[in-house]
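The next block holds one structure in the form of structure tokens; read it before the comments.
The values are calculated or read from the model by the stated rules, or taken from the named source; none is laboratory data. Because the structure is predicted, anything quoted here is derived from the model rather than measured. Positions of Cβ are generated from backbone atoms using ideal geometry, with glycine treated the same way; all protein chains shown enter the neighbour counts. Remember, those area values only see protein heavy atoms, side chains included, never the ligands or the DNA or RNA. Shrake-Rupley method; radii C 1.70, N 1.55, O 1.52, S 1.80 Å.
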Amino acid sequence: MSERWYKEAVLYCIEVDSFQDSNGDGIGDLAGLISRLDYLARLGVTCLWLNPVHPSPHRDDGYDVSDYYGIDPRLGSLGDLAELVLQARQRGIRILLDLVVNHTSDEHPWFQSACNDPDSPYRDWYIWSDTEPPDRRQGVVFPGEQSETWTFNEKANAWYFHRFYDFQPDLNWTNHAVRNEIKKVMGFWLQLGVAGFRVDAAPFVLEQIQAGVDPAMKDFSILDDWRQDTQWRSGDSVLLCEANVPPTELGKYVAAVAGGPNDRAQMLFAFQLNARIWLALARQEAEPLIETLGNLPRLPAMAQWCTFLRNHDELDLSTLTDEQRNDVFRAFAPKADMRIYGRGIRRRLAPMLGNDPRRIRLAYSLQFTMPGTPVLRYGEEIGMGENLRLHGRDAIRTPMQWQNAPRAGFSTARDKDLIRPVTTRGAYSMRDVNVETQQRDSNSLLRWSGELIRVLRECPEIGVGEPSVIDAGLPRSVLVHRFDAPEGSIVLLHNLSDTQVTVELDGIADRTYRPLEVFSDSDYGASQVDLTRLSLNGWGYRWIRLRRSNAV
Ligand code: MG
């Protein structure tokens, strides 16, 4: 067993307001989530990442916080959160909260005070300019929905900076009062028992917005500070950074010195890998993955990637070239309303892959065998679809489909009172896609997902071993990679096309190794695996452990 829980975890990302409603108001809540913990434990997830749970005007799905010390009353109370932490812990499940501190809501009392009174102690908690900044239309994050990054506030009689929407004024991280307050916020939730934080928009927190200062200059001492403080308060707490930055920059989010100890965030989302998994799936070629796995920045031994296929945001393809991005768009988002911000896709995974169970399983097998800790998004385990009639990223935030029943078992409220409509039409309706039906069907995606998680837990070398790619003389559609750890080695084969192939892996293991197939898309009929001649179905995958023949 490895020594750090997050290296063998399976994360599950939940939008609390869309998961389970307990009180019939049409909005999912913490008590509802508590009632579904047994389901999550049975699935095998070990850590829940909750999208923001704080009071908020909800103009950006809770990523506009108006009180960092509270719980959105629609979701429940602080008591409910404490109860969730306790109930989850009893099932071996940890809780991560979203830490959204690049900006506050413009309704946060700090910003209100800053606007209303030039002498307010909170004035300097935000970023102001008395004159119109010449670059105020540059650096927008949501093109098409956002036109500027500096907006004039009449009460304050000044311009304030907002990297995201105009209702999300950026906090001034050069102000030590801000730094101290946010450390108190983190300490507060750690005291309540959460296991750590998913740090929203980390690069933007670290950028220093000041007249005459290049925003590319980042202040990483903020991360140093957070790591020291959280570790002091709770020894096994973690920071998981959202940082979609070039590979050369990524190392700074986990270590102060390249190759040095892991003294900043413990975990990073693998954005580059994510985009290239989709490119490989679109082109049905292993090459983008071979290249990316070969070039993955080396993290300190205790740091860890977090892998994902889809998350709560758009599928961000901004790190691909135009040609690569167009290939992914053509394959998986052929219509304009499936795309967003010119760079991404607002769809869920199952529809992107044509609801083909073979391709869906291939994609998850790929994700789960990449270096890192996998993150699942709620509803992925049953293959939920999107609702493109909903605005922007709400398309992928529809209520969890528990049953073929009114409101999918999500709520007892009337349809018009639901936070977002339940999917009742088409191939992804609650009739065809729901937990209850899939629990009874041994061939369902849900049952398969549970199996995937169990097998992964039995193969710790995937999370912690040294990855490498075998790319000699293989068909273009085939990815073969392996992990080597003191416990043993594992070889993983994936066929990204629908054409059956035969793969020869002569010489990758000598005769002192005993190959053992632990997971595959179908029964390849070999208790003794012959590495010199391995058949692989279209969209097929095979996980083959190599163990010393004298080992148990
Ligand atoms: Mg409710």
For this session: Figure the gain on full extension for Lys155 and Val141 (residue separation times 0.36 nm, minus the Cα-Cα span) and round it to one decimal in nm.
Result: 2.5 nm
Exercise. Relative contact order for the chain: what is it in percent, counting Cα pairs under 8 Å that are at least 6 residues apart?
Worked result: 12
For this session: Kindly flag which residue pairs out of Lys184/Lys252; Lys184/Lys218; Lys183/Lys416; Lys183/Lys218; Lys218/Lys335 have an alpha-carbon separation exceeding 29 Å in this structure.
Result: Lys183/Lys416; Lys218/Lys335
Exercise. Under the Kirkwood approximation applied to all pairs of distinct alpha-carbon atoms, what is the hydrodynamic radius of region 452-552 in Å?
Worked result: 13.8
Problem set entry | Solvent exposure of the chain as accessible area per residue, Å², 1.4 Å probe | 40
Seminar exercise, completed: Counting only protein heavy atoms with a 1.4 Å probe and every protein chain in place, the carbon and sulfur fraction of the accessible surface of the chain in whole percent equals 46
Seminar exercise, completed: Order by accessible surface, 1.4 Å probe, largest leading, for residues Ser442, Ser365 comes to Ser442, Ser365
For this session: Taking the Cα atoms of region 418-492, report the difference between the largest and smallest coordinate on each principal axis, in whole Å and largest first.
Result: 49, 30, 28
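In region 1-102, which trypsin sites (Lys or Arg not before Pro) are in a loop and have at most 15 other Cβ atoms within 10 Å, using DSSP for the loop call?
Here the trypsin sites (Lys or Arg not before Pro) that fit, given the DSSP loop and packing criteria, are Arg59, Arg91.
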Exercise. Angle between the Cα long axis of helix 322-332 and the longest principal axis of the chain, 0 to 90 degrees, nearest 10?
Worked result: 70
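With the Cα gyration tensor of region 109-161 in hand, convert its eigenvalues to equivalent ellipsoid semi-axes via √(5λ) and list them largest first in whole Å.
22, 12, 9
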For this session: Give me the distance between the Cα centres of region 235-264 and region 145-171, rounded to whole Å.
Result: 30
Problem set entry | Unit Cα scatterers, Debye sum, the chain: log10 I(q)/I(0) for q = 0.05, 0.08, 0.10 Å⁻¹ | -0.21, -0.53, -0.84
Problem set entry | Rg over Rh [alpha-carbon atoms, Kirkwood Rh] for region 170-310 | 1.01
For this session: Evaluate E = 1/(1 + (r/R0)^6) for Met302 and Leu390, where r is the Cβ-Cβ distance and R0 equals 45 Å; express this FRET efficiency to the nearest 0.05.
Result: 0.65
Exercise. Between Arg533 and Asn175, how many nm apart are label points set 7 Å from Cα along the C-beta direction?
Worked result: 7.3
Seminar exercise, completed: Calculated from DSSP helices alone, with each H run of at least 4 adding -39500 (n - 2.57) and the total divided by the residues of the chain, [θ]222 nm to the nearest 500 comes to -7500 deg cm²/dmol
